[in-house]
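Please see the structure below; I have some questions.
Read the figures in this text as sums done on the coordinates, not as results from a lab. Source: prediction; values computed, not measured. Cβ: placed from backbone, ideal geometry, glycine included. Neighbour counts: every protein chain shown.
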């Protein structure tokens, strides 16, 4: 017997084994609904576990498709297994469809729901989560259709909801995907990336520099045009006094006196603050 035919026979045997297990499982489920014995309850739970183990490879196969989205594969398999159990509990052999075909949408749906729920920073009602996603899709659709950004009224009409609901969904959408304090901010070439937590409570040097710059710009208003030019060339462009004197066609000593006078003016204004 060839390897291909052997694998085919094994797969056929597995399907037949699964169908036999489901037949007995469904029978026991019916009995439990009417009042089963303790032994039947135990057999029901055993078969349920067997069916889960029997189809874990399907869960893993589907979970791998989502493994590149930032979540651990083991977590996705665990979530997918919840979908598998739901499918097992609902499956009926009379559907005339293979269980794997029936279970796949349920498993995938559970994994997608996990990503959707995990992305929200605060607890948001499911209806608003779904409406927010619908609004995002509608924005893309209507932008292409209308050749402009859609208005709130356009979105409300397209989705058959009120304008207030659109606004509420968009507002709560801001709660989606909020950055974690552990989010790394460093560049690719840095040996150790900083996180948002590293900056929490630290002094903002950039803010202090902005305030100093604003005060300096205000102080510069008391200077004459020539004084401002000299300070700009000397301290912003790092030009020597000799070169400034050459450019302005005056002596270096004159530039030195003007620079000193301008600095004293600035000091006087800034000290008054």
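As an exercise, use a Förster radius of 25 Å and the Cβ-Cβ distance of residue 48 and residue 126 to find the FRET efficiency, rounded to the nearest 0.05.
The calculated FRET efficiency here is 0.35.
Can I ask one more? Could you work out how much longer the chain between residue 112 and residue 168 gets when fully extended? Use 0.36 nm per residue separation minus the Cα distance between them, nm to one decimal. List each step's numbers first, then the result.
Values: separation 56, 0.36 × 56 = 20.16 nm, distance 2.31 nm.
Stretched fully, the residue 112-residue 168 segment lengthens by 17.8 nm.
How large is Rg/Rh for region 3-118, to two decimals, with Cα atoms and a Kirkwood Rh?
1.03
May I ask you to derive the FRET efficiency for residue 148 and residue 237 from their Cβ-Cβ distance with R0 = 35 Å, giving the value to the nearest 0.05?
0.15
Right, another one. Sticking with the crude label model, points 7 Å out along Cα→Cβ, report the distance from residue 160 to residue 260 in nm, one decimal please.
8.5 nm
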